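Worksheet for the structure shown next.
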Amino acid sequence: MHRGLKRGGKRYQEKEIYICKQMLSSEPMMRENQTLCTTFIFVAFSSLGELQPVLFVVFLAIYTFTVLGNLVIIFLIWVSPSLHTPMYFFLTNLSFLEMCYITSVVPQLLVHLLVEPKTMSVSRCAAQMYIFTILGLTECCLLAAMAYDRFVAICYPLRYTLLMGPRVCLQLAVASWTIGMVVEIAQTTWIFTLPFCGTGKIQHFFCDIMPVVKLACVNTSHYEIVMFFLSVLFIMSPCLLILCSYARILIAILRMPSASGRYKAFSTCSSHLLVVSLFYGTALFTYLQPKAAHTPDTDKATALMYTVVTPALNPVIYTLRNKEVKGAFWRIARRHPLNQAA
């Protein structure tokens with residue numbers, strides 16, 4: 001019986017060794033058969049067929065209007081000494097950022113509306129994501145800096161020039177760009193260490209974070225949890241600063257004795273509040289909703305809002321709702337030789 005146990009144990013050991021050898025020999029086979037993506041294919045608008053040229057014209061018009069509108073704002077602030085204030089320094093930064101932001105997405109979208117297949121290499125996709133995410137987080141921080149500027153202007157008007165001097169404004173702008181670069185370079189680099197496999201088809205029109213992560217060959221649950229907390233930390237922190245600033249601003253406005261003073265104070269904040277609402281509304285809906293709520297249609301709709309529509313609305317908001325910018329525009333228009341000749 002003892003010899004039988006030994007023989008049985010020996011057979012069991014031989015079987016275990018055989019299974020281990022099979023596992024070891026099959027693992028390289030799986031890796032060899034696994035095809036890694038070197039190119040992504042965007043299929044967001046492929047099903048629209050003949051409507052794609054129409055969308056090309058629409059998006060080209062919006063893109064041209066956005067770039068020209070922001071260039072006009074930058075030019076007006078640059079040539080008008082009356083606009084050389086902290087508020088318009090931040091607005092110049094925001095206008096430049098919006099031009100870069102929409103340029104990181106729309107030109108590639110326009111090309112894809114006219115050509116088939118709609119492809120992009122992984123390296124170019126990474127470059128687009130680097131630029132897009134850096135600009136997005138920088139805008140979050142810059143909007144918080146603009147809210148702080150309005151808070152100081154309304155709550156501490158006598159100390160405004162001291163608290164918001166040129167050096168402080170420059171430091172806030174540099175801090176916004178630095179936070180955006182450091183955080184998003186780290187996050188995007190982390191994402192593109194993942195292996196991507198399969199067909200490489202992305203149900204989107206640019207290299208946004210979640211559609212790209214879905215193509216990873218490995219379990220990304222830990223990555224998604226970390227990215228969610230990073231989004232909460234670095235998107236919600238500026239948002240909380242904005243909310244705190246405007247809570248203090250609202251209290252200060254309500255304490256003002258005259259109705260005209262309350263109206264004037266609120267009018268200086270209304271444009272910024274509208275931009276913040278548009279930007280954060282789409283950002284929170286996109287990046288802070290659970291994975292199960294993400295669908296290709298909702299992702300495309302919200303992405304169009306924050307990449308195309310919102311940047312196009314900002315020049316309109318800051319010109320039509322801003323008396324100082326409109327005044328600077330008409331002063332420069334009157335100096336034009338054609339107007340002087342008339």
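The values are calculated or read from the model by the stated rules, or taken from the named source; none is laboratory data. Since the model is a prediction, treat every value here as computed from it, not as a measurement. Quick reminder, even Gly has a Cβ in these numbers, built from the backbone with ideal geometry, and neighbours come from all protein chains shown. Remember, those area values only see protein heavy atoms, side chains included, never the ligands or the DNA or RNA. Shrake-Rupley method; radii C 1.70, N 1.55, O 1.52, S 1.80 Å.
How about the stretch 259-277: which of its residues are among the hydroxyl-bearing types (Ser, Thr, Tyr) and either open to solvent by less than 50 Å² (accessible area, probe 1.4 Å) or at pLDDT 85 or above (or both)? Within the stretch 259-277, Ser267, Thr268, Ser270, Ser271 meet the criteria.
Taking the conditions exactly as written (over 24 Å from Ala265 (Cα atoms), at pLDDT 90 or above and part of a helix (DSSP H, G or I)), does Leu142 satisfy them or not? No, not satisfied.
Please go through the stretch 246-255 and give me each residue that is open to solvent by less than 50 Å² (accessible area, probe 1.4 Å) and either not in a helix (DSSP H, G or I) or not small (Gly, Ala, Ser) (or both), ordered by number. Selection gives Tyr246, Ile249, Ile253.
The C-beta contact set for the stretch 294-322 (first residue more than 22 Å from Val212 (Cβ to Cβ) and open to solvent by 10 Å² or more (accessible area, probe 1.4 Å), second residue at pLDDT 85 or above and not hydrophobic (A, V, I, L, M, F, W, C), distance under 6 angstrom, 6+ apart or interchain) comprises Ala312/Thr66. If you check Met129, Met99, Met87 for being farther than 16 Å from Asp208 by Cβ and within 16 Å of the chain's Cα centre (by Cα), only one passes: Met99.
Among the residues of the stretch 162-178, at least one is of a type in the set (Val, Ile, Thr) and open to solvent by 50 Å² or more (accessible area, probe 1.4 Å).
Please verify whether the stretch 224-236 includes one or more residues that are under 21 Å from Cys125 (Cα atoms), in a loop (DSSP other than H, G, I, E, B), open to solvent by 20 Å² or more (accessible area, probe 1.4 Å) and out of contact with any Asp or Glu (no Cβ under 7 Å at 6 or more places or on another chain). No, there is no match, as no residue in the stretch 224-236 is under 21 Å from Cys125 (Cα atoms), in a loop (DSSP other than H, G, I, E, B), open to solvent by 20 Å² or more (accessible area, probe 1.4 Å) and out of contact with any Asp or Glu (no Cβ under 7 Å at 6 or more places or on another chain). Filter the stretch 204-237 for residues that are aliphatic (A, V, I, L, M) and touching a residue at least 60 places away in the same chain (Cβ under 8 Å) and give the result. Ile209, Met210, Val212, Leu215, Ile235 - these are the residues of the stretch 204-237 that are aliphatic (A, V, I, L, M) and touching a residue at least 60 places away in the same chain (Cβ under 8 Å).
A quick yes/no check of all residues on (1) at pLDDT 90 or above; (2) out of contact with any helix residue (DSSP H, G or I) (no Cβ under 6 Å at 6 or more places or on another chain):
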site: Gln52; (1), (2): no, yes
site: Thr64; (1), (2): yes, yes
site: Leu76; (1), (2): no, no
site: Pro81; (1), (2): no, yes
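Residues that are touching a His at 6+ places or on another chain (Cβ under 9 Å) and open to solvent by less than 40 Å² (accessible area, probe 1.4 Å) were ranked within the stretch 92-136; the one that is nearest to Phe192 (Cα to Cα) is Met120. In the condition set (1) assigned to a helix (DSSP H, G or I); (2) touching a Leu at 6+ places or on another chain (Cβ under 9 Å); (3) under 30 Å from Met181 (Cα atoms), Arg262 is compliant with all but (3).
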